[in-house]
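Peer 1: Input: one structure, supplied below.
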């Protein structure tokens, strides 16, 4: 089974490399309009959504995309087998694993195994979900989703259909065959038309959640002094070896919003050459949760600026922010001292406090503003999979899907986008 998993992983990337005429987009249902790779590069985000009325994701984007094929006919045939096997054979030839096997024999062996895995996985709940795509088993089908049932079956061989029921619902939504539940559609504060990654069955939601429910929030608050000191140390080393400022406007929305981020984690994993030795406690605490496929790090909000109203399109993630540097109160028109920095999520408005966490659901529309005339606002920002609602297995499967999708996108040349952002 390990051999099968390794082969399928290589196959997944190989097939994308051999079908590069696809236009790279986010993991979103076909009905959602998403940027091309060129537009994504321009907006400096691997998973950036196409800027609309509510430019999404708190500037972070991050969803499941379905590449849209061009008019050019695919050379993959119905399932991409010919190019897939060819790519695998080339890979095997380079590795020279066994000189005694002819290419014809290896090709036959690989194709038989892939066909066998595909046949078995097609009967799983993930296989049945993928089969609901109107493009299933046609040249127009995104090969990522076509291979996903086999990938999950080999990576998680003991997972039952019951275990993966909600994951299958997420897959159906991503390929345009699923629907958003009524409790989301009927909530005026959650713009359901902006969802680009959605898992059904997570139950009722609320704008702000009690941070005491999570050990993450407790650890951050208990270590505020250390984390604050580590932030100051990072400020001293804010420029990388090439002289680039580690604080960047990571999306198009942030350029005009006065919000810059020192990114510690990108798409759920560490950043090459980042000085983690300067922030060991911060890093350890952040890695205690399943960091989501967006951006986690220190956010700075300049005086007299804010993030405009928007919503993030992923209901599988929660956001935690701890106040690192909160500007002092200001005097309003009535002569009252009031907090200078706020965030509104849905109908509720909260204020940051140093050493305290805010926990909220960004599928609700939200906005921020720092009204102080001279002082900036700094928070530690962490996007993570919803451990309050999702099972550990569901989270592991979703992390795997996101990781594989990123590999697919890199195979189509989107890796340079990540380098640009970071």
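Peer 1: Kindly list the number of the only condition in (1) at pLDDT 85 or above; (2) outside any strand (DSSP E or B); (3) farther than 21 Å from residue 280 by Cβ that fails for residue 230.
Peer 2: (3)
Peer 1: Would you pick out the residues in the stretch 171-186 that are under 17 Å from residue 362 (Cβ atoms) and in contact (Cβ under 8 Å) with a residue 40 or more places away in the chain?
Peer 2: 184
Peer 1: Among the residues of the stretch 194-220, write down those that are touching a helix residue (DSSP H, G or I) at 6+ places or on another chain (Cβ under 8 Å) and outside any loop (DSSP other than H, G, I, E, B).
Peer 2: Of everything in the stretch 194-220, those that are touching a helix residue (DSSP H, G or I) at 6+ places or on another chain (Cβ under 8 Å) and outside any loop (DSSP other than H, G, I, E, B) turn out to be 197, 211, 212, 216, 217, 218, 219, 220.
Peer 1: What's the total number of residues in the stretch 202-221 that are surrounded by 13 or more Cβ atoms within 10 Å (Cβ to Cβ) and without any contact (Cβ under 8 Å) to a residue 60 or more places away in the chain?
Peer 2: Number satisfying all stated conditions: 1.
Peer 1: Separate question: I'm trying to understand the selection: among the residues of the stretch 173-193, which are surrounded by 21 or more Cβ atoms within 10 Å (Cβ to Cβ), out of contact with any strand residue (DSSP E or B) (no Cβ under 7 Å at 6 or more places or on another chain) and assigned to a helix (DSSP H, G or I)?
Peer 2: Of everything in the stretch 173-193, just one residue is surrounded by 21 or more Cβ atoms within 10 Å (Cβ to Cβ), out of contact with any strand residue (DSSP E or B) (no Cβ under 7 Å at 6 or more places or on another chain) and assigned to a helix (DSSP H, G or I), namely 173.
Peer 1: Select, from 289, 281, the only residue that is in contact with a helix residue (DSSP H, G or I) (Cβ under 9 Å, 6 or more places away or on another chain) and assigned to a loop (DSSP other than H, G, I, E, B).
Peer 2: Being in contact with a helix residue (DSSP H, G or I) (Cβ under 9 Å, 6 or more places away or on another chain) and assigned to a loop (DSSP other than H, G, I, E, B) holds for just one of 289, 281, which is 289.
Peer 1: Answer with yes or no whether residue 150 is surrounded by 20 or more Cβ atoms within 10 Å (Cβ to Cβ) and over 29 Å from residue 309 (Cβ atoms).
Peer 2: For residue 150, the condition - surrounded by 20 or more Cβ atoms within 10 Å (Cβ to Cβ) and over 29 Å from residue 309 (Cβ atoms) - is met.
Peer 1: Sticking with this structure for a sec: Here are 315, 332, 386: which of them is touching a helix residue (DSSP H, G or I) at 6+ places or on another chain (Cβ under 8 Å) and over 20 Å from residue 261 (Cα atoms)?
Peer 2: Every option except 315 fails the conditions.
Peer 1: Would you mention how many residues in the stretch 153-164 are over 20 Å from residue 405 (Cα atoms) and surrounded by 15 or more Cβ atoms within 10 Å (Cβ to Cβ)?
Peer 2: Of the residues in the stretch 153-164, 2 are over 20 Å from residue 405 (Cα atoms) and surrounded by 15 or more Cβ atoms within 10 Å (Cβ to Cβ).
Peer 1: Related question: What's the number of the only condition in (1) under 17 Å from the mean Cα position of the chain (by Cα); (2) surrounded by 18 or more Cβ atoms within 10 Å (Cβ to Cβ); (3) closer than 30 Å to residue 168 by Cβ that residue 381 fails to meet?
Peer 2: So the condition that residue 381 fails would be (3).
The values are calculated or read from the model by the stated rules, or taken from the named source; none is laboratory data. The structure presented is a predicted model; accordingly, all values stated were derived computationally and were not measured. Note that we place each Cβ from the backbone using ideal geometry, even for glycine, and neighbour counts take in every protein chain shown.
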